[in-house]
Amino acid sequence: MQFHPTGLWPSGILVTEGCRGDGGYLLDSNMERFMVEAEPEKQELASRDVVSRHMMQRIRDGFGVDSGFGPHLWLDVRHLGAEHLQTKLREVWEICRDFVGIDPAEELIPVRPTQHYSMGGVRVNKDGQAYDMAGLFAVGEAGCWDMHGFNRLGGNSLTETIVTGRLIGASAAAHAAGVSIDLPVSLAFDAVAAAESHADEWLAREGSGPSVYEIRDRMGETMMTKVGIFRTGEELEDAVETFRTLLGECDEAVLRSRSRGANPELVFALRLEGMLRLALVTAMGALARTESRGAHFRSDFPLRDDAEWLNRTLARWPDGASEPVLTYEPVGPIDLPPGHRGYGRDERIEMRQSIEDYNAAVDSEQTRHGRLPPAEPTGSRLRWKEWEKAS
Ligand SMILES: Cc1cc2nc3c(=O)[nH]c(=O)nc-3n(C[C@H](O)[C@H](O)[C@H](O)COP(=O)(O)OP(=O)(O)OC[C@H]3O[C@@H](n4cnc5c(N)ncnc54)[C@H](O)[C@@H]3O)c2cc1C
């Protein structure tokens, strides 16, 4: 889960990275530019996860600015001037005006890190085909291709949607052209009937059970406080327990609005169990991973551990099971041993295996975990200058 450093406080609406790219900086309650000391070289331009962690640490250390909604920090773009803000950063200027009623050319912007992007998703092969499920393709933020690893870099979603959108779109079209399916029409009617009876069951529930919004709020609060920027084993265990309880409570929840027409509460209720399952998968995966890597930071295991954890978590939820099953596959063929990221001290646990041994097992291990054979083998590369011949 990626956090973005500058969500407008308290709404969480994103204030673009462009602000810091253009020279904006972060201030604490003492008007100190804490990022200069925290990351002397990159300062406010350090990676999203790094800046988010320093911001939260600053708030934890008591240098947050008090507000009725909890502490925040400041983003200062006043020195960029009104003309720059109203032209090059017009959206920020408008968001500040419309949502907190301030003019960022004159006033400081209240900010705090906000949840931003999901690096996980439907695990797919190179062609975008889901593991174990021929015919199911996933792309974009919903998919887990091999682009971001544990830390998407800013702007890379654009690449993901455009590049993989084209590649995977073509491979899905090729797949569809080569298969025919023979299904009884009753299958579709049965699926509609099952969905309708699920909705009817929600509408018919009586009693004094919790509302779906109460469950949502407890899920959100738990995700923010226990599965957020800083994680510990103890907090993650609490979170796992809370999500198990909330999943149970889902069966008791009662709707306040019984309308069969446009009913946002019913729409939300139909999504709630899926959201809770995803929350449980995220918390269980984070609890099991006793290391820190990219956006996943364990205060009790602060080092990246390439000896034990140079792998990707796969979560499956078997039919009828009450919990997901977690397994691990190698991340893919690698060219070099993972090095120092360039932030803080160079402290990490190095991989013990040789690159050759690691890579030799990738294909068979990923296949064992359900990867369908891609049209082109994993790890095949364009040779140097080959693209010149193609053009
Ligand atoms: C505020 C913000 C700023 C960002 N800025 C940048 C940036 O500057 N650069 C960058 O690279 N990335 C940025 N990102 C990330 C990037 O925008 C997203 O990762 C990207 O848009 C995801 O595209 P997508 O097509 O995969 O998914 P989406 O854009 O989320 O599209 C999914 C679509 O599926 C629809 N849908 C969902 N469920 C159903 C259903 N059951 N049936 C039918 N339709 C359904 C949704 O309505 C939606 O239209 C930003 C993200 C945010 C939130």
Label-point separation, Ala375 to Ile334 (7 Å along Cα→Cβ), nm: 3.0
Cα-based Kirkwood hydrodynamic radius, the range 66-139, one decimal, Å: 15.7
Rounded Å value of the spacing that divides the Cα centres of the range 274-337 and the range 112-159: 15
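Hey, with R₀ at 35 Å, roughly what FRET efficiency would Val267 and Ala82 work out to, going by the Cβ-Cβ distance, to 0.05? Don't jump to the answer; show the numbers that get you there.
On the way: r = 42 Å, r/R0 = 1.20.
Efficiency, from the Cβ-Cβ distance: 0.25.
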Charged-residue dipole, Cβ positions (Lys, Arg, Asp, Glu), the range 122-176 about Cα centre, Debye nearest 20: 80
Spin-label zone in the range 325-361 - amide nitrogen under 19 Å from a point set 7 Å from the Cα of Leu136 along the C-beta vector: 325-329
Length released on extending from Arg258 to Glu221, taking residue separation times 0.36 nm less the Cα-Cα span: 10.6 nm
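Taking the highest mean first, how do the peptides 47-55, 280-288, 329-337 order by number of other beta carbon atoms within 10 angstrom per residue?
Numbers: 47-55: 23.4, 280-288: 20.8, 329-337: 14.6.
My ranking of the peptides, most packed first, is 47-55, 280-288, 329-337.
Could you state, as a whole-number percent, how many of the C-alpha pairs of the chain are farther apart than 31 Å? Numbers along the way, then the final one.
Working: 37815 of 76245 pairs.
Percent of Cα pairs beyond 31 Å in the chain: 50.
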Selected from Gly135, Gly101, Gln115, residue furthest toward positive end of dipole (the range 89-172; charges at beta carbon): Gly135
Net dipole in debye of the chain [+1 Lys, Arg Cβ; -1 Asp, Glu Cβ; about Cα centre; nearest 20]: 660
Choice from Ala191, Ala204, Ala269 with maximal GNM fluctuation in the chain (Cα, 10 Å cutoff): Ala191
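Only Lys, Arg, Asp and Glu count, each charged at its Cβ (+1, +1, -1, -1), so figure out the dipole size of the range 2-117 about its Cα centre, rounded to 20 debye. Mind dumping the intermediate values first?
Working: 12 positive and 19 negative charges, 57 e Å.
The calculation lands at about 280 debye.
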Positive-end extreme of charge dipole, the chain - chosen from Leu255, Trp384, Gly7 (charges on Cβ): Trp384
Most fluctuating residue given options Gly274, Gly320, Gly120, as computed from a GNM of the chain linking Cα atoms under 10 Å: Gly320
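Can you give the FRET efficiency for Ala204 and Ser67, using 1/(1 + (r/R0)^6), R0 = 30 Å, r = Cβ-Cβ distance, to the nearest 0.05?
Taking R0 as 30 Å, the efficiency between Ala204 and Ser67 is 0.10.
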Residue with peak Gaussian network fluctuation, the chain [Cα springs, cutoff 10 Å], from Leu153, Leu75, Leu27: Leu153
Segment Ala173-Tyr213, length gained on full extension (0.36 nm per residue, minus Cα span): 10.4 nm
Relative contact order for the chain, counting Cα pairs under 8 Å that sit 6 or more residues apart, in percent: 14
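Here, each number is a calculation from the coordinates, and none is a lab measurement. These numbers were taken from a predicted model, which means no experiment stands behind them. Cβ coordinates were reconstructed from backbone atoms using ideal geometry, including for glycine residues, and neighbour counts include every protein chain displayed.
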